[in-house]
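The values are calculated or read from the model by the stated rules, or taken from the named source; none is laboratory data. A quick note: this is a predicted structure, and the numbers were derived from the prediction, not measured. Every residue, glycine as well, gets a Cβ built from its backbone with ideal geometry; the counts of neighbours run over all protein chains shown. Note: accessible area is taken over every heavy atom of the protein model, side chains too, but ligands, DNA and RNA are not part of it. Shrake-Rupley method; radii C 1.70, N 1.55, O 1.52, S 1.80 Å.
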There are 2 protein chains.
Amino acid sequence: MNQSIAVVGGGSIGIAWSIVFARAKRPVMLYEPDDARRELAEDDVMRRLRALAAHHLLDEGPEDVAARVELVGELSVAARGVSYVQECAPEDLDVKRSLFRELEALAAPDAVLASSSSAIPPSSIAQAVRDPSRILVAHPGNPPYLLPVVELVPSPFTDTRTLERAHTLLASVGMCPVRVHKEVEGFVFNRLQGAVLREAYCLVRDGVVDPRDVDTVMREGLGRRWAFLGPFETVELNTEGGVDAHATRMGPAYARMGAERGQHDPWTEAMVAQVSSAVQSRFPRDRWRDHVLWRDSALMALEAFRRRTSLLSGPAAAEQANNYPTNSAQGDDTREGGEQ
Amino acid sequence: MNQSIAVVGGGSIGIAWSIVFARAKRPVMLYEPDDARRELAEDDVMRRLRALAAHHLLDEGPEDVAARVELVGELSVAARGVSYVQECAPEDLDVKRSLFRELEALAAPDAVLASSSSAIPPSSIAQAVRDPSRILVAHPGNPPYLLPVVELVPSPFTDTRTLERAHTLLASVGMCPVRVHKEVEGFVFNRLQGAVLREAYCLVRDGVVDPRDVDTVMREGLGRRWAFLGPFETVELNTEGGVDAHATRMGPAYARMGAERGQHDPWTEAMVAQVSSAVQSRFPRDRWRDHVLWRDSALMALEAFRRRTSLLSGPAAAEQANNYPTNSAQGDDTREGGEQ
């Protein structure tokens, strides 16, 4: 067993994962069975690495990172001797099952086998293999080299050591792994995203707000805090008395808004206490005022950054400033730097 | 009628609104009846302006901006001759009603009277006055000088011209006004925030995920896109085929996740078409690939910025880098700049 990683599938997510591992100095075997796609993938890895370099996000030259990614057309070659496999095949259960059956036979017995799936529960894959103990889902954001979160979802048959090894490996390459303890549809990332989308669609349907203004409320409001504070952290710092005071003061209103959507999930004292104690492990309540000042400083820094770049203001503004590559100029990486 | 603005209430929101107007060169009369609070408010305006200056967010000296804010202890003095009143009193209906009754008598007949309330519907206030046509809610994020969104909520009695004048004025001072067409509890900002919080609490209750990891999923994932893209814009660029393809592919899964919470609000073709057409007014579909490249460039710029400052990584990291003022050192504004 060596330090190598196998990435299975040369589509957009497979390419992005290869970059995550290769920029962390891990050799990557990127498996893509289709000859034409394999060539495209090679170009795409290079194009993305050049963009990262233009934004000063690589410690070394893009060629040095790309040199660690080996495109291979044989699964047996890709999986040989690796310690970790990140599967990125199309979201089709039969495809995944047959891949994992092959991987089980080809990979070293203690290799971790992770699927990038956002929708297929790990136990559906596990049912198809002989030894499901080393299989889990490791679901990333898109693209994973820019959104560090990755959801680790075990099936009931996943060994604890598999989870621990995946966690350690992914943290070591700069990702932020979170543990999803149960196989729920959408995991956590898409549960939160779905909650916003469902509410947003209802507000548009009911004529409360125009769709563009829903986007404005997020982009020019909520999203600026959520870029560096989670939802519980946000309310902890928004209300004197933190999560507990927030639940007392706002809980009944949020319960009524939920009830309008058919939801009846009261925030019990025990739930609030659990959340409060967790948030305070990062933001001790006795320094609440300091942390509010920190939040405002972070918002100011973010606002100052927005004013220095046109990039966050939208594609039209960025294009006017010649700040991002258009499709027709993909090869022209001198135009990719947003931050000259 | 002059260019002056009256801000009613010298608490945290009133002070923040005063800064919004004063930095846009509008003279502000800030009314606070309590003598001690009035003095504190004067200091707080200055402290916040110094922090903004340290982040290079003012076009002029903090003293120049502060000079436009006049603290007054008489409502009649504050409201005299102003074109716009932003009320920021405590969230108590009786207090608001009596204030608006006074304001109606004191302010010029065509002055717009706006409440900052996040929870009190404008018609509850309107019922208490003689002429409700010039009353509306203008609900900001916190603090409004850093989160530009402001929700304009009319009551059924609000005159269209009142809405238009509030919209024009607030846009002219750098805010992003959105129109909320109906008085729904939570308006839009807190509806979206509440949807996330309700789902987050359920996931914690059901043992799906630890509270800290909910925050991580937002902070290290979803929130990084929502900092510059709304939820509809995000899915438009996440899925080839945009909002329409997203609704086809992901709609059923999101409907099932909603049903688990008691919600049954299908995304009809008409709803999806309305959202799709609105989003495409900013992101024409025929340039989808260009816009995805823009999104990734923006994410890269944001990530590069994160690496240059410790501020977004949390209070501990920021403090270690001596990057934000602690409570005990509030007066020491040389420490406030996060971005030297």
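Structure summary
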| read-out | value |
| --- | --- |
| Members of the range B:123-151 that are among the hydrophobic types (A, V, I, L, M, F, W, C), in a strand (DSSP E or B) and closer than 19 Å to A:Gly223 by Cα | B:Val149, B:Val150 |
| Among residues of the range A:140-169, those that are touching a strand residue (DSSP E or B) at 6+ places or on another chain (Cβ under 6 Å) and over 13 Å from A:Ala16 (Cβ atoms), counted | 12 |
| A:Glu199 of a type outside the set (Ser, Thr, Tyr) and part of a helix (DSSP H, G or I) | yes |
| Single condition B:Trp226 does not satisfy, out of (1) out of contact with any strand residue (DSSP E or B) (no Cβ under 6 Å at 6 or more places or on another chain); (2) in contact (Cβ under 8 Å) with a residue 60 or more places away in the chain; (3) surrounded by 24 or more Cβ atoms within 10 Å (Cβ to Cβ); (4) not aliphatic (A, V, I, L, M) | (2) |
| Residue count, the range B:199-235 (criterion: closer than 20 Å to A:Met175 by Cα and out of contact with any helix residue (DSSP H, G or I) (no Cβ under 8 Å at 6 or more places or on another chain)) | 3 |
| Residues of the range A:122-146 that turn out to be touching a residue at least 40 places away in the same chain (Cβ under 8 Å) and either closer than 30 Å to B:Met300 by Cα or surrounded by fewer than 19 Cβ atoms within 10 Å (Cβ to Cβ) (or both), as a count | 10 |
| Single unsatisfied condition, A:Ala78 versus (1) within 14 Å of A:Pro27 (Cβ to Cβ); (2) in a loop (DSSP other than H, G, I, E, B) | (2) |
| Residue list for the range A:20-47, filter: in contact with a helix residue (DSSP H, G or I) (Cβ under 6 Å, 6 or more places away or on another chain) and in a helix (DSSP H, G or I) | A:Ala22, A:Arg23, A:Ala41, A:Asp44, A:Val45, A:Met46 |
| B:Leu103 crowded, with 22+ Cβ neighbours inside 10 Å and either at pLDDT below 95 or assigned to a strand (DSSP E or B) (or both) | no |
| B:Leu169, sole failed condition from (1) closer than 23 Å to A:Gly223 by Cβ; (2) more than 7 Å from chain A (Cβ to nearest Cβ); (3) not charged (D, E, K, R) | (1) |
| Residue check, B:Leu229 aliphatic (A, V, I, L, M), at the interface with chain A (Cβ under 8 Å from one of its Cβ atoms) and in a loop (DSSP other than H, G, I, E, B) | yes |
| Meets criteria (more than 20 Å from B:Arg224 (Cβ to Cβ) and either in contact (Cβ under 8 Å) with a residue 24 or more places away in the chain or more than 7 Å from every other protein chain (Cβ to nearest Cβ) (or both)) for A:Thr234 | no |
| B:Met250 vs. criteria in contact with a helix residue (DSSP H, G or I) (Cβ under 7 Å, 6 or more places away or on another chain) and either buried (at least 21 other Cβ atoms within 10 Å of the Cβ) or under 30 Å from A:Gln263 (Cα atoms) (or both) | no |
| Failed item in (1) open to solvent by 20 Å² or more (accessible area, probe 1.4 Å); (2) under 23 Å from the mean Cα position of the chain (by Cα); (3) not assigned by TED's automatic domain parsing to the domain that holds A:Trp17, with A:Asp206 passing the rest | (2) |
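So that you can scan it fast, the table gives a plain yes or no per residue for (1) under 13 Å from the mean Cα position of the chain (by Cα); (2) more than 7 Å from chain B (Cβ to nearest Cβ); (3) open to solvent by less than 10 Å² (accessible area, probe 1.4 Å):
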{"residue": "A:Val178", "(1), (2), (3)": "yes, no, yes"}
{"residue": "A:Val184", "(1), (2), (3)": "no, no, no"}
{"residue": "A:Val196", "(1), (2), (3)": "no, no, yes"}
{"residue": "A:Glu199", "(1), (2), (3)": "no, no, yes"}
{"residue": "A:Cys202", "(1), (2), (3)": "no, no, yes"}
{"residue": "A:Asp210", "(1), (2), (3)": "no, no, no"}
{"residue": "A:Val214", "(1), (2), (3)": "no, no, yes"}
